[in-house]
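Chemist: Have a look at the structure that comes next, please.
The values are calculated or read from the model by the stated rules, or taken from the named source; none is laboratory data. Here the structure is a predicted model, which is why all the values come from computation and not from measurement. Every residue, glycine among them, receives a Cβ derived from its backbone with ideal geometry; neighbour counts consider all protein chains shown.
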Amino acid sequence: MRFTLFIASIVSVALFIGCSQPNPFGTVYVEGFITLDGQPVSDVDVTLNPRDGVHVAGGLSDANGKFTVTTGGAPLGSGAQPGEYDVTLRKVHMEGSDLSMEELAIRYGGRMPPVTHLIPARYNEVRTSGFEPITVTTDKRQNVFRFELTSN
């Protein structure tokens, strides 16, 4: 009983200390919403491509079109480092995605399986997306972004 209480105390102190430390990754919370023709879109891969070329951040939209981003190596939902980003969005279906790697190799002979874009492919390229660069700031209230896509 004493040992369990001792361990619980150690864990509680560690959590308290860990939660009170500044963010060691230098990231701030970022969220946003994606719609296509006015309707929320789920399962969209969101990529924030830093203009300084260093720390890419990304996330995945949920059923309500909402996404939060994470920077590689940081905890889920940790955000992005302050700075300017170009945004790309992608939602695709790859034929054979339910197959094992071996089955894919046999079926497609080592070639890439066909991909169907479920949102217009132009949103997956910085030069064709039509999005202005976004700026992530240390004020998380400003880090809410809306991407209103159209199918034409």
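Chemist: If a residue must be touching a residue at least 24 places away in the same chain (Cβ under 8 Å), in a loop (DSSP other than H, G, I, E, B) and either exposed (fewer than 15 other Cβ atoms within 10 Å of the Cβ) or of a type in the set (Val, Ile, Thr) (or both), how many such residues does the range 56-73 contain?
Modeler: Residues that pass the stated criteria total 3.
Chemist: Here's another thing I want to ask about it. Which condition does Glu102 not pass, out of (1) in a loop (DSSP other than H, G, I, E, B); (2) over 24 Å from Asp37 (Cα atoms), if it passes all the others?
Modeler: Result: Glu102 passes all but (1).
Chemist: Okay, next question. Right, Val13: touching a Ser or Thr at 6+ places or on another chain (Cβ under 6 Å), modelled with pLDDT under 95 and not charged (D, E, K, R) or not?
Modeler: Answer is no for this residue.
Chemist: Can you tell me which residue in the range 84-114 is farthest from Thr137 (Cα to Cα), limited to those that are among the basic types (Lys, Arg) and under 16 Å from the mean Cα position of the chain (by Cα)?
Modeler: Per the criteria, the residue is Lys91.
Chemist: Another one. Name the residues in the range 33-45 that are in a strand (DSSP E or B) and either of a type in the set (S, T, N, Q) or over 13 Å from Phe145 (Cβ atoms) (or both), would you?
Modeler: Thr35, Leu36, Gln39, Pro40, Asp45
Chemist: Considering only residues that are surrounded by 15 or more Cβ atoms within 10 Å (Cβ to Cβ) and assigned to a loop (DSSP other than H, G, I, E, B), which ones fall in the range 46-55?
Modeler: His55
Chemist: What number goes with the only condition from (1) among the hydroxyl-bearing types (Ser, Thr, Tyr); (2) part of a loop (DSSP other than H, G, I, E, B); (3) surrounded by 13 or more Cβ atoms within 10 Å (Cβ to Cβ) that Thr138 does not pass?
Modeler: Here Thr138 meets the rest and fails (3).
Chemist: For the subset of the range 78-117 comprising residues that are in contact (Cβ under 8 Å) with a residue 40 or more places away in the chain and either aliphatic (A, V, I, L, M) or loosely packed, with under 11 Cβ neighbours inside 10 Å (or both), which member is farthest from Thr27 (Cα to Cα)?
Modeler: Per the criteria, the residue is Leu89.
Chemist: Within the range 26-53, take every residue that is modelled with pLDDT under 95 and more than 16 Å from the chain's Cα centre (by Cα) and give me the one that is farthest from Arg127 (Cα to Cα).
Modeler: That would be Gly26.
Chemist: So, one more: Select from the range 141-152 the residues that are under 17 Å from the mean Cα position of the chain (by Cα) and surrounded by 13 or more Cβ atoms within 10 Å (Cβ to Cβ) and list them in ascending order.
Modeler: Listed by number, the residues that qualify are Asn143, Phe145, Phe147.
Chemist: Additional query: For the range 119-138, name all the residues that are of a type outside the set (Phe, Trp, Tyr) and without any contact (Cβ under 8 Å) to a residue 40 or more places away in the chain.
Modeler: Within the range 119-138, Pro120, Ala121, Arg122, Asn124, Glu125, Arg127, Thr128, Gly130, Glu132 meet the criteria.
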